[in-house]
Amino acid sequence: SRFETCWPALMKDSHGVIIIFNPELPSHLKEIEMWYSCFVQQQPLPDSQCLLVAHHKPGSAADTENLSLAYPLNKLKLIHSNLEEDPEDVRMEFMKYFRSIITLINESREREEMSIIS
(Lines give C-alpha, C1' and ligand atoms only; values in the text may rest on other atoms or scores of the structure.)
Protein backbone atom coordinates (compact mmCIF):
# COMPACT_ATOMS: atom_id res chain seq x y z
CA SER A 1 0.00 0.00 0.00
CA ARG A 2 1.32 3.46 -0.85
CA PHE A 3 0.31 4.70 2.61
CA GLU A 4 2.46 2.22 4.53
CA THR A 5 5.13 4.85 5.19
CA CYS A 6 2.50 6.82 7.16
CA TRP A 7 1.50 3.92 9.37
CA PRO A 8 4.08 4.45 12.13
CA ALA A 9 2.86 8.04 12.52
CA LEU A 10 -0.75 6.87 12.66
CA MET A 11 0.08 4.24 15.27
CA LYS A 12 2.16 6.45 17.52
CA ASP A 13 0.52 6.75 20.93
CA SER A 14 -2.74 5.25 19.70
CA HIS A 15 -4.93 3.69 22.38
CA GLY A 16 -7.40 1.82 20.23
CA VAL A 17 -7.95 0.39 16.78
CA ILE A 18 -11.29 -0.07 15.02
CA ILE A 19 -11.22 -2.24 11.91
CA ILE A 20 -14.30 -1.99 9.69
CA PHE A 21 -14.76 -4.51 6.91
CA ASN A 22 -17.31 -5.95 4.51
CA PRO A 23 -17.89 -9.57 5.60
CA GLU A 24 -19.24 -10.44 2.16
CA LEU A 25 -15.87 -9.84 0.49
CA PRO A 26 -13.44 -12.74 0.93
CA SER A 27 -10.56 -10.35 0.15
CA HIS A 28 -11.56 -8.22 3.16
CA LEU A 29 -11.31 -11.22 5.46
CA LYS A 30 -7.69 -11.66 4.37
CA GLU A 31 -6.97 -7.95 4.61
CA ILE A 32 -8.21 -7.59 8.18
CA GLU A 33 -5.60 -10.14 9.23
CA MET A 34 -2.95 -7.82 7.80
CA TRP A 35 -4.46 -4.73 9.47
CA TYR A 36 -4.63 -6.57 12.79
CA SER A 37 -1.05 -7.72 12.46
CA CYS A 38 0.26 -4.24 11.61
CA PHE A 39 -1.86 -2.06 13.84
CA VAL A 40 -2.50 -4.25 16.87
CA GLN A 41 0.09 -7.00 17.21
CA GLN A 42 3.14 -4.99 16.17
CA GLN A 43 2.49 -2.03 18.48
CA PRO A 44 1.71 -4.11 20.60
CA LEU A 45 -1.81 -3.12 21.62
CA PRO A 46 -3.95 -5.38 23.84
CA ASP A 47 -6.72 -7.20 21.98
CA SER A 48 -9.25 -5.62 24.33
CA GLN A 49 -8.45 -2.26 22.72
CA CYS A 50 -9.34 -3.47 19.24
CA LEU A 51 -12.86 -3.52 17.83
CA LEU A 52 -13.92 -5.33 14.66
CA VAL A 53 -16.96 -4.03 12.82
CA ALA A 54 -18.57 -6.23 10.16
CA HIS A 55 -20.48 -3.67 8.14
CA HIS A 56 -23.44 -4.90 6.14
CA LYS A 57 -24.47 -2.71 3.23
CA PRO A 58 -28.13 -1.77 2.80
CA GLY A 59 -30.02 -4.53 1.05
CA SER A 60 -27.33 -7.14 1.65
CA ALA A 61 -28.22 -10.44 3.26
CA ALA A 62 -26.81 -9.72 6.68
CA ASP A 63 -25.66 -13.15 7.75
CA THR A 64 -24.56 -12.28 11.25
CA GLU A 65 -24.63 -15.85 12.56
CA ASN A 66 -22.18 -17.58 10.25
CA LEU A 67 -19.26 -15.19 10.20
CA SER A 68 -16.49 -17.31 11.66
CA LEU A 69 -13.15 -15.57 11.80
CA ALA A 70 -9.92 -17.52 12.19
CA TYR A 71 -7.54 -17.16 15.12
CA PRO A 72 -6.37 -14.59 16.25
CA LEU A 73 -9.23 -12.45 14.94
CA ASN A 74 -11.80 -14.62 16.70
CA LYS A 75 -10.49 -13.35 20.05
CA LEU A 76 -11.51 -9.78 19.27
CA LYS A 77 -14.75 -8.03 20.08
CA LEU A 78 -16.88 -8.17 16.92
CA ILE A 79 -19.99 -6.17 16.22
CA HIS A 80 -22.24 -6.27 13.18
CA SER A 81 -23.39 -2.94 11.86
CA ASN A 82 -26.41 -2.47 9.69
CA LEU A 83 -27.29 1.18 9.72
CA GLU A 84 -30.64 0.64 8.00
CA GLU A 85 -31.94 -1.83 10.54
CA ASP A 86 -30.27 -1.06 13.82
CA PRO A 87 -28.25 2.16 14.00
CA GLU A 88 -28.95 2.57 17.71
CA ASP A 89 -27.40 -0.78 18.56
CA VAL A 90 -24.21 0.14 16.70
CA ARG A 91 -24.08 3.51 18.45
CA MET A 92 -24.38 1.82 21.84
CA GLU A 93 -21.55 -0.60 21.01
CA PHE A 94 -19.29 2.26 19.89
CA MET A 95 -20.04 4.18 23.08
CA LYS A 96 -19.19 1.12 25.17
CA TYR A 97 -15.93 0.69 23.29
CA PHE A 98 -14.93 4.36 23.63
CA ARG A 99 -15.78 4.31 27.34
CA SER A 100 -13.51 1.32 27.90
CA ILE A 101 -10.64 3.06 26.08
CA ILE A 102 -11.11 6.29 28.07
CA THR A 103 -11.11 4.29 31.31
CA LEU A 104 -7.84 2.63 30.31
CA ILE A 105 -6.24 5.97 29.43
CA ASN A 106 -7.29 7.48 32.75
CA GLU A 107 -6.01 4.49 34.70
CA SER A 108 -2.61 4.54 33.01
CA ARG A 109 -2.35 8.30 33.53
CA GLU A 110 -3.07 7.87 37.23
CA ARG A 111 -0.43 5.14 37.46
CA GLU A 112 2.10 7.43 35.79
CA GLU A 113 1.28 10.29 38.16
CA MET A 114 1.61 7.99 41.16
CA SER A 115 4.99 6.72 39.97
CA ILE A 116 6.21 10.31 39.54
CA ILE A 117 5.04 11.23 43.07
CA SER A 118 6.51 8.17 44.77
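The values are calculated or read from the model by the stated rules, or taken from the named source; none is laboratory data. Computed from a predicted model, the values in this text were never measured in an experiment. Using ideal geometry, Cβ is built from the backbone for each residue, glycine included, and neighbour counts are taken over all protein chains shown. Heavy atoms of the whole protein, side chains included, go into the accessibility calculation; ligands, DNA and RNA do not. Shrake-Rupley method; radii C 1.70, N 1.55, O 1.52, S 1.80 Å.
Values for this structure:
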quantity: All lysines inside 18 Å of LYS96 as judged from Cα atoms, apart from same-chain residues fewer than 8 positions distant; calculated: LYS75, LYS77
quantity: Highest-fluctuation residue, ILE19, ILE79, ILE102 considered, GNM on the chain with Cα pairs under 10 Å; calculated: ILE102
quantity: Where ASP86, ASP13 fall by accessible area, highest first, once all protein chains stay in place (1.4 Å); calculated: ASP13, ASP86
quantity: For region 26-118: rounded, prolate or oblate by the Cα gyration tensor [a/c cutoff 1.5]; calculated: oblate
quantity: Size of electric dipole in region 11-117: Cβ of Lys, Arg +1 and of Asp, Glu -1, about Cα centre, debye, nearest 20; calculated: 320 debye
quantity: THR5, THR103, ranked by accessible area, largest first (probe 1.4 Å); calculated: THR5, THR103
quantity: Extension gain from ARG111 to LYS96, taking 0.36 nm per residue of separation minus the Cα-Cα distance; calculated: 3.1 nm
quantity: Chain lengthening between ALA70 and LEU25 when straightened (0.36 nm per residue, less Cα-Cα); calculated: 14.7 nm
quantity: Helical mean residue ellipticity (222 nm; -39500 (n - 2.57) per DSSP H run of 4+; nearest 500) of the chain; calculated: -13000 deg cm²/dmol
quantity: Where MET11, MET34 fall by accessible area, highest first, once all protein chains stay in place (1.4 Å); calculated: MET34, MET11
